[in-house]
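> Once you've had a glance at the structure underneath, I'll fire off some questions.
The values are calculated or read from the model by the stated rules, or taken from the named source; none is laboratory data. Nothing here was measured: the structure is a model prediction, and the numbers come from that model. Virtual Cβ from ideal backbone geometry, glycine too; neighbours counted across all protein chains shown. Ligands, DNA and RNA are excluded from the accessible area calculation, which covers all protein heavy atoms including side chains. Shrake-Rupley method; radii C 1.70, N 1.55, O 1.52, S 1.80 Å.
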Amino acid sequence: MAKIPFIKKDQLEAICEQYPTPFHLYDEAGIRQTARNLFKAFSWNKGFKEYFAVKATPNPTILKILEEEGCGTDCSSLTELMMSEKCGIVGKNIMFSSNETPAEEFVKCKELGGIINLDDITHIDFLKETCGIPETISCRFNPGGVFELGTDIMDNPGDAKYGMTRPQLTEAYKRLKEEGCKEFGLHAFLASNTVSNEYYPALAKILFNIAVEIKEETGVSLSFINLSGGVGIPYTPDKEPNDIFVIGEGVRKAFEEVLVPAGLGDIKIFTELGRYMLAPNGALVTRAIHEKHTHKEYVGVDACAANLMRPAIYGAYHHITVMGKEDAPCDHKYDVVGSLCENCDKFAVDRMLPEIEKGDLLFIHDAGAHGFSMGYNYNGRLRSSEILLREDGSTKMIRRAETPEDYFATLADFWNVEL
Ligand SMILES: *Cc1c(COP(=O)(O)O)cnc(C)c1O
């Protein structure tokens, strides 16, 4: 399957006249459609809610668009909580799924009325001493071992720092009940970027069975089960995307099979998707500014790993469309590289692409989640702007690019020196 940019070349060139490259571009129509499909796929569940993982794309405009579609926020740090508050997304519209949480962040979450999702049993005492235990609380589960779907090993929870063991879960709910908690949830995130319609249903079945056991062991009836993130997207063009309707139906089947007969048919299903919601609905737009012919053929672009880190740290594939050359043969082999003094700063290695000329616009796909937000300032490189492509085709800058002044702003003595 070909990956097709959500914008045409002429329109993108017009946007570039207004906003210099590089920038992250987000497609409002795509974001809304993704959210609507998700809610529709889970509409069989009365209390269904998506808490968008803020870390994927921490921009208030994006959070507000998602809020209009019914989403809350999944926060994991003080600044994410503050951003959610600023957007007016508070109370039980916040899920606070953090780990190694500083005291002040629990205090802030409690103040906002957000739902705290405890990463560890020892955090019960920590929370009690810090700000008191809230009436609504969730616990994060880690089964250990490896997580398999059929014969495929999907991920390695036994090696993950998150969550409580199964016996700890039982202890935690007992303790929390004694401490006066009234509403309980269960959460687990066992595999990342799954391109499979089986992940959520398999995870749901595990958590639903635990809900039944917890009821028997402790008398606690869970109110919600949070399937968290992990539904992925196909970064490479050869893979089939997930079908969210098949996923929703798979979770419904497990629900009918396990929870309904146990008298737990009122449990609400929550999700904390980040990548699935935003990744395909955003792109990094960059321009070819150099070509270099040495031991390999290089195309140098005006973005670098500071704008999109996934290829550099995970060797992740991001599809690239050379705008206006969609139908040209991919008969040139390039490394597409940024300007960092790090050889891993390559958006593509040995990639077959159409012939690229200086000035060509490159659309780096699937950068809408864990893209801008993982940015950093190595080599004094500055973060780019973020542009929203609205449903009517107009654009809005939803974050300006960093300036050298921003970069120097936190230095102690810099501004005393004449430049
Ligand atoms: C990162 C994260 C998510 C979102 O993960 P995606 O892979 O983007 O869906 C959700 N919940 C928690 C607790 C996370 O850490």
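> Using unit Cβ charges (K, R positive; D, E negative) and no other charged atoms, how large, in debye to the nearest 20, is the dipole of the chain about its Cα centre? Could the numbers behind the result be given before it?
Details: 44 positive and 63 negative charges, 118 e Å.
Using only the charged Cβ atoms, the result is roughly 560 debye.
> Relative to the longest principal Cα axis of the chain, at what angle does helix 166-178 sit, 0 to 90 degrees, rounded to 10?
60 degrees
> May I ask you to give the solvent-accessible area per residue for region 137-231, in square angstrom, as obtained with a 1.4 angstrom probe? Walk me through the numbers before you get to the answer.
Details: 3770 Å² over 95 residues.
With all protein chains present, region 137-231 gives 40 Å² per residue.
> Along region 98-103, what does the Karplus equation 6.51 cos²θ - 1.76 cosθ + 1.60 (θ = phi - 60°) give for ³J(HN,Hα), rounded to whole Hz, x for Gly and Pro?
Going residue by residue, I get 10, 9, 6, 7, x, 3 Hz, with x marking Gly and Pro.
> Given the convex hull of the Cα atoms of region 193-304, what is a quarter of its surface area in nm²? If you can, show how the numbers build up before the last one.
Values: hull surface 40.9 nm².
Result: a mean projected hull area of 10.2 nm².
> Something else now. Treat region 91-169 as a sphere of radius equal to its Kirkwood radius over Cα pairs and apply Stokes-Einstein at 10 °C in a medium of 1.306 mPa s; give the translational diffusion coefficient in µm²/s, rounded to a whole number. Walk me through the intermediate numbers first.
Values: Rh = 13.6 Å.
Rounded to a whole number, D works out at 117 µm²/s.
> May I ask what percent, to the nearest 5, of DSSP beta bridges between residues of the chain are antiparallel? Show your work: numbers first, answer last.
Details: 28 of 62 bridges.
In the chain, approximately 45 percent of DSSP beta bridges are antiparallel ones.
> Could you work out the relative contact order of region 98-155? I mean the mean sequence separation of Cα pairs under 8 Å and 6+ apart, divided by the number of residues, in percent. List each step's numbers first, then the result.
Values: 50 pairs, mean separation 17.2, N = 58.
Computed over region 98-155, the figure is 30 percent.
> OK, next. Quick one: compute a quarter of the convex hull surface over the Cα atoms of the chain and quote it in nm². Write down the numbers at each step before the final one.
On the way: hull surface 91.5 nm².
Mean orientational projected area (the chain, Cα hull): 22.9 nm².
> Which entries in 86/239; 55/108; 174/268 show an alpha-carbon gap greater than 29 Å? Walk me through the numbers before you get to the answer.
On the way: 86/239 38 Å; 55/108 17 Å; 174/268 21 Å.
Beyond 29 Å between Cα atoms: 86/239.
> I've got another one for you. So, in nm, how far is label residue 260 from label residue 314 when the simple model puts each one 7 Å beyond its Cα toward the Cβ?
Result: 3.6 nm between the two label points.
> Return the whole-Å distance between the Cα centroid of region 125-152 and the Cα centroid of region 66-119.
After rounding, the separation between the Cα centres reads 16 Å.
> Let me ask you something else. What accessible area per residue, rounded to a whole number of Å², is obtained for region 237-300 using a probe radius of 1.4 Å?
46 Å²
> Then there's this: Would you mind working out the magnitude of the charge dipole of region 259-299 relative to its Cα centre, with +1 at each Lys and Arg C-beta and -1 at each Asp and Glu C-beta, to the nearest 20 Debye? Show your work: numbers first, answer last.
On the way: 5 positive and 4 negative charges, 38 e Å.
That gives region 259-299 a dipole magnitude of about 180 debye.
> Determine the relative contact order of region 298-412: mean sequence separation of Cα pairs under 8 Å and six or more apart, normalised by residue count, in whole percent. Present the calculation step by step, with values, prior to reporting the outcome.
Working: 193 pairs, mean separation 31.2, N = 115.
Computed value for region 298-412: 27 percent relative contact order.
> Here is a follow-up. Starting at the first residue of region 338-354, write each ³J(HN,Hα) from the Karplus equation 6.51 cos²θ - 1.76 cosθ + 1.60 with θ = phi - 60°, in whole Hz, x for Gly and Pro.
My calculation for region 338-354 gives x, 9, 5, 7, 8, 6, 7, 7, 10, 6, 8, 10, 6, 8, 7, 9, x Hz in order.
> Amide H neighbours of residue 383 under 5 Å, at least 5 residues apart or on other chains, H built in the peptide plane: list them.
Amide H neighbours of residue 383: 402.
> Test of understanding: in a Gaussian network model of the chain with alpha carbons linked when under 10 Å, which of 288, 56, 369 would top the mean-square fluctuation ranking?
288
> In a Gaussian network model over the chain where Cα atoms closer than 10 Å are linked, find which of 75, 87, 330 has the largest mean-square fluctuation.
Result: 330 has the largest fluctuation of those listed.
> Check which residues have an amide H placed less than 5 Å from residue 144's amide H, if you skip close sequence neighbours.
Long-range HN contacts for residue 144: 158.
> Turning to a different aspect of this structure: Of 76, 43, 385, which has the largest mean-square fluctuation in a 10 Å C-alpha GNM of the chain?
Evaluated over the chain, the most mobile residue of the options is 43.
> Continuing with this model, one more query. Would you mind getting me the FRET efficiency between residue 171 and residue 332? Use the beta-carbon distance for r and R0 = 51 Å, nearest 0.05.
Details: r = 60 Å, r/R0 = 1.18.
Approximately 0.25, to the nearest 0.05.
> Right, something else. Apply the Karplus parameterisation 6.51 cos²θ - 1.76 cosθ + 1.60, with θ equal to phi minus 60°, to every residue of region 79-95 and state each ³J(HN,Hα) to the nearest whole Hz, in sequence, with x for glycine and proline.
Once rounded to whole Hz, the list reads 5, 5, 4, 5, 5, 4, 4, 4, 7, x, 9, 9, x, 6, 7, 10, 10.
> Would you mind counting up the charge near residue 38? Only other residues with Cβ under 9 Å from its Cβ, with Lys and Arg at +1 and Asp and Glu at -1.
Numbers: positive: 36, 40; negative: 50, 69.
Once all neighbours under 9 Å are counted, the net charge is 0.
> Relative contact order for region 92-208: what percent, with Cα pairs under 8 Å and sequence separation of 6 or more? Don't jump to the answer; show the numbers that get you there.
On the way: 183 pairs, mean separation 28.4, N = 117.
With pairs under 8 Å counted, the relative contact order is 24 percent.
> Ratio of region 41-80's C-alpha Rg to 2.2 N^0.38 Å, to two decimals? List each step's numbers first, then the result.
Numbers: Rg = 11.1 Å, N = 40, 2.2 N^0.38 = 8.9 Å.
Here the answer is 1.25, to two decimals.
> Let me ask you something else. How much length is gained if the chain between residue 161 and residue 415 is pulled fully straight, taking 0.36 nm per residue apart and subtracting their Cα-Cα distance, in nm to one decimal?
Details: separation 254, 0.36 × 254 = 91.44 nm, distance 4.14 nm.
Working it through step by step, the gained length comes to 87.3 nm.
> Using only the Cα atoms, work out Rg/Rh for region 241-390, with Rh taken as the Kirkwood radius, to two decimals.
On the way: Rg = 20.3 Å, Rh = 17.7 Å.
Rg/Rh: 1.15.
> Over the chain, what percent of the accessible surface lies on carbon and sulfur atoms, probe 1.4 Å?
That fraction is 50 percent.
> Same structure, new question: Full extension from residue 296 to residue 239: what is 0.36 nm times the residue separation minus their Cα-Cα distance, to one decimal in nm? Working shown, then result.
Details: separation 57, 0.36 × 57 = 20.52 nm, distance 2.84 nm.
Stretched fully, the residue 296-residue 239 segment lengthens by 17.7 nm.
> Write down the radius of gyration of region 283-363 and its Dmax, each obtained from C-alpha positions, in Å.
Rg then Dmax for region 283-363, in Å: 11.5, 34.
> Any lysines with Cα under 24 Å of the residue 9 Cα? List them, leaving off those in the same chain fewer than 8 positions away.
325, 333, 346, 358, 396
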